[in-house]
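Remarks on the structure that follows.
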Amino acid sequence: MERFELGCVFFSNDLRVYDNLCLVSAAKECKTLACVYLETKDDLKQQFGINESDLRRQFRSQSLCALDTELKRFGQRIDRLVVKSKADICSFIDEFNPNVIYRSWQPRQSANNYWEAIKKAYPAIDFKEEFTSTLFDESQLPFESNHFPATFSKFRRAVEHLAIKDPVACPSSLPPPVGKPKHWQIKFKPADCLFAGGEREGKKHLHDYFKGQHASSYKQTRNALDGWKNSTKFSVWLSNGCLSVRQTFHSLKKYELVAGASESTYWIYFELLWREYFQWYAKTYPSTLTKFSGLSNRSPKTFFNPQRFKKWCSANTPFPLVNACMSQLNAEGYMSNRGRQIVASCLVNELSLDWRYGAAYFAQKLIDYDFASNWGNWQYIAGVGTDPRGGRHFNLSKQRAVYDPNFTFINSWQGEKCDQYLDSADIVDWPITRV
Ligand SMILES: Cc1cc2nc3c(=O)[nH]c(=O)nc-3n(C[C@H](O)[C@H](O)[C@H](O)COP(=O)(O)OP(=O)(O)OC[C@H]3O[C@@H](n4cnc5c(N)ncnc54)[C@H](O)[C@@H]3O)c2cc1C
């Protein structure tokens, strides 16, 4: 039933038409519709000097172009609104005067602040928020938000048997657009990238992954430092919402029907639950996710040392395995989960650096950057999140022996090519003499 003259969908981390509850509701409820991508100025830029990498920008731009193409099949289009302050959203609202605005919930606090601010400023507008990036609805969670499980294991045990809804189909039609198309140009320097953005590419990847037998050996291969099918690579399309997590889960279930359920297929679900955990964790603790002391009451005994940080970023530490992982990140915009744990542990423990700079560097480089997963995992390793063991310190020699016994990974990323020394001066600023 069309209740609203004009609706507006604010797109952000949900760049798809399939399993998109905002679009489905807008299709039912609105006579005309504006689809707008909100490009919010990254709030981390000021704090940490983050400039997203060309690879990340390219992937997002491709995803946006692909969404525009999909929407055109429905006679719709996506407009882009660059948001530097609340005033930019207000001038858009004042120009179009929508009766209802839909958006997907997202973990980033700055985006939520905008949302709350415009809700207050426009009491006559209906604001509707959907959870499109989680497996469960908020109402399904068997705990109150002030009793969020203290550890991942408790969270997993509480939710893993809950029913997961089927993805919702694409709407059969969409209301026509309003206003003249705003000319927007996608600016990026085309770069060589392992991943192509967009809903179709995401679906194709999902299909290709489950076409083979890789899911049946996932548990044995998932920790590898390299290799296309050793882990799923779903994170890349999940992070922008080109794929929905429910759609991913249902593809896994279909695979199990044909190939059989196994410990490996369960483990893919287990990892999706880690993702789920960090989404709800971010929702529960919005202001602590980028805080140095995190959830704990004490700050770690680490600091910011520009020289060490630069060495870590540029793959030039005295640790070949760390260098190889960082070279891979810098070149491909991707790093395995094992690699991420190793380099994060090294930054915190061997280099004694403030974990937030590492998280910020990941935010700049990772194509699959996801606010909740990234900052949540970094907190976990730095020991300021919910890790019951109070942080992780990976023994670099043991990690090398187990995950790169023949130095294949280190050699392929030239990890040995590095400076033997971490600092050029000692603790009281005397230059270190090298012989
Ligand atoms: C320091 C650090 C930073 C990280 N930053 C991000 C990030 O910005 N974005 C991101 O998506 N993941 C992040 N992760 C989690 C994890 O490393 C990646 O999701 C995973 O490596 C992506 O590759 P994959 O899709 O092949 O994973 P797979 O091993 O195939 O896992 C399947 C899916 O489960 C989810 N998943 C797996 N492990 C985790 C985890 N530890 N936390 C949350 N979700 C998980 C992902 O959605 C992933 O696609 C980070 C981990 C660490 C240790």
Q) Taking LEU347 and the conditions (1) over 20 Å from PHE195 (Cα atoms); (2) surrounded by 21 or more Cβ atoms within 10 Å (Cβ to Cβ); (3) within 8 Å of the ligand (Cβ to nearest atom), which numbered condition does it fall short on, given that it satisfies the others? A) (3)
Q) What number goes with the only condition from (1) among the charged types (D, E, K, R); (2) surrounded by fewer than 18 Cβ atoms within 10 Å (Cβ to Cβ); (3) within 16 Å of the ligand (Cβ to nearest atom) that LYS310 does not pass? A) (3)
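Let's see how each residue does on (1) assigned to a loop (DSSP other than H, G, I, E, B); (2) modelled with pLDDT of 95 or more; (3) not assigned by TED's automatic domain parsing to the domain that holds ILE367:
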position	(1), (2), (3)
SER217	no, yes, yes
TRP228	yes, no, yes
SER231	yes, yes, yes
LEU243	yes, yes, yes
PHE249	no, yes, yes
VAL258	no, yes, yes
TRP274	no, yes, yes
GLN279	no, yes, yes
ASN297	yes, no, yes
**Q.** Which listed residue is within 12 Å of the ligand (Cβ to nearest atom), at pLDDT 95 or above, closer than 20 Å to THR288 by Cβ and touching a Leu at 6+ places or on another chain (Cβ under 8 Å), from GLY333, GLY358
**A.** GLY358
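Which of the following residues is in contact with a helix residue (DSSP H, G or I) (Cβ under 6 Å, 6 or more places away or on another chain) and modelled with pLDDT of 95 or more: ASP14, ASP43, ASP19? Before the answer, list the steps.
Working: ASP14 fails: in contact with a helix residue (DSSP H, G or I) (Cβ under 6 Å, 6 or more places away or on another chain); ASP43 fails: modelled with pLDDT of 95 or more.
Sole residue among the options that is in contact with a helix residue (DSSP H, G or I) (Cβ under 6 Å, 6 or more places away or on another chain) and modelled with pLDDT of 95 or more: ASP19.
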Q: Kindly provide the set of residues from segment 222-246 that are crowded, with 22+ Cβ neighbours inside 10 Å and more than 9 Å from the ligand (Cβ to nearest atom), ordered by number.
A: LEU225, ASN240, GLY241, CYS242, LEU243, SER244
Q) acidic (Asp, Glu), within 12 Å of the ligand (Cβ to nearest atom), under 30 Å from HIS147 (Cβ atoms) and surrounded by fewer than 20 Cβ atoms within 10 Å (Cβ to Cβ), is that true of GLU271? A) yes
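Look through ASP68, ASP94 and report the one residue that is surrounded by 14 or more Cβ atoms within 10 Å (Cβ to Cβ), out of contact with any helix residue (DSSP H, G or I) (no Cβ under 7 Å at 6 or more places or on another chain) and not hydroxyl-bearing (Ser, Thr, Tyr).
Going through ASP68, ASP94 in turn, the sole match is ASP68.
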Q) Residues in segment 205-212: is at least one within 11 Å of the ligand (Cβ to nearest atom), of a type in the set (D, E, K, R) and farther than 24 Å from SER61 by Cα? A) no
Q) For segment 380-414, what are the residues that are of a type outside the set (A, V, I, L, M), touching a Leu at 6+ places or on another chain (Cβ under 7 Å) and either near the ligand (Cβ under 9 Å from one of its atoms) or more than 30 Å from LEU295 (Cα to Cα) (or both)? A) ARG400, TYR403, ASP404, PHE409
Q | Within segment 315-387, helices (runs of 4 or more DSSP H) holding 2 or more residues that are over 23 Å from TYR403 (Cα atoms) | A | 355-365, 371-382
Q.
Among the residues in segment 274-291, are any within 16 Å of the ligand (Cβ to nearest atom) and in contact with an Asp or Glu (Cβ under 7 Å, 6 or more places away or on another chain)?
A. no
Q. Can you name the number of the only condition in (1) farther than 24 Å from SER239 by Cβ; (2) surrounded by fewer than 17 Cβ atoms within 10 Å (Cβ to Cβ) that LYS41 fails?
A. (1)
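The values are calculated or read from the model by the stated rules, or taken from the named source; none is laboratory data. Predicted, not measured: the structure shown is a model, and the values here were computed from it. Heads up, the Cβs are rebuilt from the backbone with ideal geometry, glycines too, and the neighbour counts pull from every protein chain shown.
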